[in-house]
Structures are given as structure tokens and as C-alpha cells.
Amino acid sequence: MLASFNILRWQDVLDILVVAFIIYQLIAIIRGTRSVQMVLGLIVVGMVYFMASILDLVTLQWLLKTFLGSLLLIIVIVFQQDIRRALTQVGKSPFQKNLDMAEKDLDEIIRACYYLSKRRIGALIVIERETGLREFVDSGFKLNAVLSKELLISIFMPVSPLHDGGVIIYKGRVQTAGCIMPLSQNPYISKRFGTRHRAAIGLSEETDAVIIVVSEETQEVSLVQHGALTAMHDEMTLTNTLRNIFLPKETLTNGWKQWVGRT
């Protein structure tokens, strides 16, 4: 065993660490998505092929070998959304800032969401982050207006010509309204969710945007990110979640101040 360690080069250690990091990132990307079930399905197919080889099941072995021969093409087709999201993550600049939303901007969004919720008015609010949303911005009506609770409410009022579709916010400004979003094709989405929720999930599957959905039927406010929808049961929950996403340093600083104040 000592001899094995003696022939281990630093390149081998680096190689192992890089591969482990890539595997970890891939798991992080597909975690919580339907791709997990697809990966498990491919693992089961591989195990069946292995057992067929041991038991010398010629026909089954030939069938699975033909299937696995096109594995690369199958992976590209089945995991195209995850591959797109992974490439987007790789393409991000490590020096680019995520924190483009001020606390007052988040407060305007939160107040607007719960005002609309209480009055059973639906809304779809998209907060752009590092992944550009130009193709979706171009599908709506450009506003480039200062973000405010009153503006968001007026956009989503049923009498407004812009209430259908989504609003895209970037750096504290309402860039566009009435945007058309891609609907998710995930078959595991609950049937109780309508077009607005499917559009939010669909956009989050392709981008790193943070999306808030207000349901006009249930009055429920939900936050969608990375293909996952989470219900925000009250205003404080949404406030804390958005601050953790956009103001992590400030959250930690406030927490430290509160701890010092208690001591």
C-alpha cells in the first residue's frame, strides 16, 4: 500500500479533486428536479445490463447494448435543460455581483404581493439575476420604470392591459411587463397549479431568476427558484427568504448586531 502512495503524483490528486468537484456540482444542479428519477432509471438499466452479462441472457444483453450504444445522445436529449443550466452556471463571471436589489426594492415587491394576494389578484414577478432574460424582455412591453408597490399593483389589476404575463425587474427597475414565459414540461407538477405557476417553474428551470407567484384562486404567494416552488405562508417568510438570497452579507451583519445586543 505504501508503494501505491509513493507512485501517486500531485497531478493524480488534482485529477481526483476536479472530477469529485464536477460530480458534486452535477448532483447539486439536478437535486430536487425530475432528472434525479431519470438518473436512477439509467442506473437501473445499467444494473440490468450487468446482470444480463453475468447470466448470459443474449437477447436482453443485445437489446440493452443497442440502447446504451446511443447513451450520449440519450443523455443530451433527456437532460437538455439541466445541461443548459449547467453551461449557464459555468459561464458566469466569478466577479459578477448578485446583489443588485436594495432592501427597499424588496420591501416594495413584498408589500405589492400581499396587497394583491388579499384581493385575489394574480401576479407573476421575475427578479433577474446573472442570467440575462433579453429574449423574454423583448416579448413584453418595455417600461424601464422605477420600482414601486403602486406600479406593480396597477400592472396586475385585471383592468390593466398588461396584467397577463409577467413583470421582469432588474436592478430596482421594472424593465418590462406582459412578458411571455416558457411553460414547464415537468409532468410531476401538481394539477392544482395553473399556467402562471407553470410559467414560473419553466423560467426557473432555464435561468437563475427568482420568481414570485401570487395565486388569484388560493391567495397563496410562492417563490420559485431552480425549478422548485416554495409556498410563502406569510409576509415575514417571504421577507427573510428574499433577504437571504439578495442581501446575505447584510443579513449576517444584522444577525451579529442582534447577538451582540443580547449579550
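Readers should treat all values here as calculations from the given coordinates under stated rules, not as data from a laboratory. Just so you know, these numbers come straight off a predicted model, no measurement behind them. A quick note on method: Cβ atoms are made from the backbone with ideal geometry, for glycine too, and the neighbour counts reach across all protein chains shown.
Values computed for the structure shown
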| read-out | value |
| --- | --- |
| Too-long pairs where the Cα-Cα distance tops 26 Å, listed order kept, from Lys104/Lys142; Lys104/Lys191; Lys142/Lys171; Lys118/Lys191; Lys149/Lys191 | Lys104/Lys191; Lys149/Lys191 |
| If the convex hull is drawn through the Cα atoms of the range 103-252, its volume per residue in Å³ | 102 Å³ |
| Scaled radius of gyration (Cα, divided by 2.2 N^0.38 Å) that the range 110-159 gives | 1.25 |
| Burial order of peptide ranges 171-183, 45-57, 143-155 (average beta-carbon count within 10 Å, highest first) | 171-183, 143-155, 45-57 |
